[in-house]
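Note sheet for the following structure.
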Amino acid sequence: MTRGSTLPAHRLSPLSGCLAIPAQTRTSPTPRLDGFNTAPTPEAHRTLLACLRSVRWARRIADHRPYPTLDALLAASDEAAYDLSPGDLAEALAAESLPGLPADAYGAAHTALDAAHAAYEARFGHAFVICLDGVPQEESLDHVLAGIRSRLANDPEDERVVAAEELRRLARQRLMRLA
């Protein structure tokens, strides 16, 4: 029995002074993040509940302090939001309201938004939530109305997933404003 030819051994080139893992620097927290990290637990809970009205979410984030950076806090927020139970989600949704209309919005805009929101609440049993991060103020009404209209076609389980994602984005946006 003859063996086939074997491939020559592969040689690794020397690393010539390069680091295999990039050096990581630890930046100091901002004064607001430092204040959050050192705040008494009840105060941290109140701060977090202003971002997302889920007691379990707020407790989880507060219990894992201190956070070395805003990115670490936001990552913890995202992770906790992904783990919201149906009860946690219902608790958070119950405290949400529609984004406000611009001060110069005309009466028909209020009527259209009220009607769309009523249809949404009747279908899903909770307030419509949407994160308007990055949407110019003058486009927010159209964005909200389009969002409600398109999401009315969702089945309740799909809408629960979409609403949970919007809550996660809202919590993240609110945390960034605070820190």
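The values are calculated or read from the model by the stated rules, or taken from the named source; none is laboratory data. Every value quoted in this text rests on a predicted model; they were computed, and no experiment measured them. So basically every Cβ, Gly included, is an ideal-geometry build from the backbone, and we count neighbours across all protein chains shown. Protein only, heavy atoms only, side chains kept; ligands, DNA and RNA dropped before computing areas. Shrake-Rupley method; radii C 1.70, N 1.55, O 1.52, S 1.80 Å.
Can you confirm whether Glu159 is on the phi < 0 side of the Ramachandran plot and at pLDDT below 95? So Glu159 does not fit the description; no. Scanning region 139-156 for any residue that is touching a residue at least 40 places away in the same chain (Cβ under 8 Å), among the hydrophobic types (A, V, I, L, M, F, W, C) and in contact with a helix residue (DSSP H, G or I) (Cβ under 7 Å, 6 or more places away or on another chain) turns up at least one such residue. When Ala103 is tested against (1) modelled with pLDDT under 90; (2) under 30 Å from Tyr67 (Cβ atoms); (3) aliphatic (A, V, I, L, M), only condition (2) is not met. Is it the case, given these coordinates, that Leu15 is farther than 17 Å from Arg168 by Cβ, open to solvent by 40 Å² or more (accessible area, probe 1.4 Å) and modelled with pLDDT under 95? Yes; evaluated as a whole, the condition is true for this residue.
Of all the numbered requirements in (1) more than 30 Å from Arg59 (Cα to Cα); (2) among the hydroxyl-bearing types (Ser, Thr, Tyr); (3) at pLDDT 90 or above, Tyr82 misses one, and that requirement is (1). Against the test of being open to solvent by 70 Å² or more (accessible area, probe 1.4 Å) and not in a helix (DSSP H, G or I), the options Asp104, Asp114, Asp71 yield a single qualifying residue, Asp104.
Screening Glu138, Glu121, Glu165, Glu157 for residues that are more than 22 Å from Leu89 (Cβ to Cβ) and either part of a loop (DSSP other than H, G, I, E, B) or acidic (Asp, Glu) (or both) leaves exactly one candidate, Glu138. Just the residues that are under 16 Å from Val161 (Cβ atoms) and surrounded by fewer than 17 Cβ atoms within 10 Å (Cβ to Cβ), please, taken from region 125-143. Result: Gly125, single match. Specify the residue that is farthest from the chain's Cα centre (by Cα); the eligible residues are those in region 163-179 that are surrounded by fewer than 16 Cβ atoms within 10 Å (Cβ to Cβ) and without any contact (Cβ under 8 Å) to a residue 40 or more places away in the chain. It comes out as Arg177.
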